[in-house]
Amino acid sequence: MKIIIKFVCTLSLLFIFGCSMITPEPEVVITTEPMLTMPDEEGTTDRVESEDSLDVRQMSNDEYALDEYLIYFDYNKYDLKEDSEKVINSYINYMKKNSSSNIIIEGHADERGSRAFNLALGEKRADAVKEIFLLNNISDTRIETVSYGEEKPVVDAYSEESHSLNRRVELKFKK
């Protein structure tokens, strides 16, 4: 009798823990939002623009290097790298001289980790960049942050290179 009870308990535990490890199929998201593709040539990136975003390349000049709009992060990190300073400062300088400009800071993550974790990580990345804008006297009312987590990958592949391209913040001017 004890053997049967142990057997039933063991089967129950295996069933409970086994079911909790089943993950649902990822949902497919169709979007018209701007997306990036892999570079065709060294240093170039294709970008599809939406009606809600401005083409920063048209605003670029010697004073503002606004053609760079991506800030990359290390795995599971949201602290800014030194090379992101130039990109952020270009946007800050532009916004200081153009008081009607508003910015959207989009946080992204690679697909490793849960959706909830990646949304939170994307938010922390966007907030880290936003903090630099605030420290440089750009009003909070001119800054919008959003996290897409893993939902909008630049590259839809499973390699360290693609993961590193997906761990990013995108800076976009809001119309």
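The values are calculated or read from the model by the stated rules, or taken from the named source; none is laboratory data. Owing to the predicted nature of the structure, the values given are computational and were not obtained by experimental measurement. Reconstructed Cβ throughout: ideal geometry from the backbone, glycine too, with neighbour counts over all protein chains shown.
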**Study point:** Matching residues, the stretch 116-141, being over 12 Å from residue 106 (Cβ atoms), surrounded by 14 or more Cβ atoms within 10 Å (Cβ to Cβ) and touching a Leu at 6+ places or on another chain (Cβ under 9 Å)
**Key:** 128, 132
Point to revise | Only one of 111, 144, 106 that is at negative phi, modelled with pLDDT of 95 or more, acidic (Asp, Glu) and surrounded by 16 or more Cβ atoms within 10 Å (Cβ to Cβ) | key: 106
Review point. Wholly within the stretch 66-175, which strands (runs of 3 or more DSSP E) include no fewer than the required count, namely at least 1 residues that are hydroxyl-bearing (Ser, Thr, Tyr)?
Key: 70-72, 143-149
Practice item. Considering only the stretch 134-169, state which residues are within 26 Å of residue 98 (Cα to Cα) and either touching an Asp or Glu at 6+ places or on another chain (Cβ under 8 Å) or among the acidic types (Asp, Glu) (or both). Key: 134, 140, 144, 145, 146, 147, 169
Check your understanding: Pairs, please: C-beta under 8 Å, at least 6 apart or cross-chain, first residue farther than 17 Å from residue 77 by Cβ and among the β-branched types (Val, Ile, Thr) and in the stretch 141-165, second modelled with pLDDT under 95 and in a loop (DSSP other than H, G, I, E, B)?
Key -> 154/35; 154/37; 154/38; 155/37; 155/38
Study note, to complete from the structure: In the stretch 92-115, anything under 18 Å from the mean Cα position of the chain (by Cα) and either touching a residue at least 12 places away in the same chain (Cβ under 8 Å) or more than 21 Å from residue 155 (Cβ to Cβ) (or both) is listed as 103, 104, 105, 106, 107, 108, 109, 110, 111, 112, 113, 115
